[in-house]
Amino acid sequence: MKIEEIRALSPAELRERIETETANYETLKFNHQVTPLENPSLLKKARKTIARLKTVLREVETNN
């Protein structure tokens, strides 16, 4: 997800998206522990997406 797409979301949508992405990351991490993922870089991408979402949410919250 690109930063422009993230900045277009409302704070409520950001929170919802963070919850969804975090759940997806936890599932990926668990699956990777049981059976190695075909593409382990998905874990890194998921972490970075969550960080981007949290950063933009923090920016929005501090600017209001």
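Taken together, the values in this text are just the output of simple stated rules run on the coordinates, not laboratory data. All figures in this text were calculated on a predicted structure; none of them were measured in a lab. Cβ sites come from the backbone with ideal geometry, for glycine too, and all protein chains shown count toward neighbours.
Hey, rough spin-label estimate for residue 27 and residue 8, points 7 angstrom out along Cα→Cβ, what's it come to in nanometres?
2.4
In whole Å, what are the extents of the stretch 1-60 along the principal axes defined by its C-alpha atoms, from largest to smallest?
Here the Cα extents, ordered largest to smallest, are 38, 17, 14 Å.
Compute the signed sum of charges (Lys and Arg +1, Asp and Glu -1) over the other residues within less than 15 Å, Cβ to Cβ, of residue 42.
Neighbourhood net charge equals +2.
Just 21, 38, 13 to compare: in a GNM of the chain, with alpha carbon springs under 10 Å, which one fluctuates most?
38
What is the gain in length, in nm to one decimal, between residue 35 and residue 48 on full extension, counting 0.36 nm per residue of separation less the C-alpha to C-alpha distance?
Result: 2.4 nm gained on full extension.
So how tilted is helix 41-63 from the main axis of the chain? Cα-based, degrees 0 to 90, rounded to 10.
Roughly 20 degrees between the two axes.
Could you work out [θ]222 nm for the chain from helices alone, using -39500 (n - 2.57) per DSSP H run of at least four and dividing by all its residues? Round to the nearest 500 deg cm²/dmol.
Value at 222 nm, helices only, nearest 500: -27500 deg cm²/dmol.
Say each of residue 20 and residue 62 gets a label point 7 Å from the Cα, pointing the same way as Cα to Cβ; how far apart are those two points in nm?
Rounded to a tenth, the inter-label distance reads 2.7 nm.
How tilted is helix 11-34 with respect to the longest principal axis of the chain? Cα atoms for both, answer in degrees (0 to 90, nearest 10).
Around 10 degrees separate the two axes.
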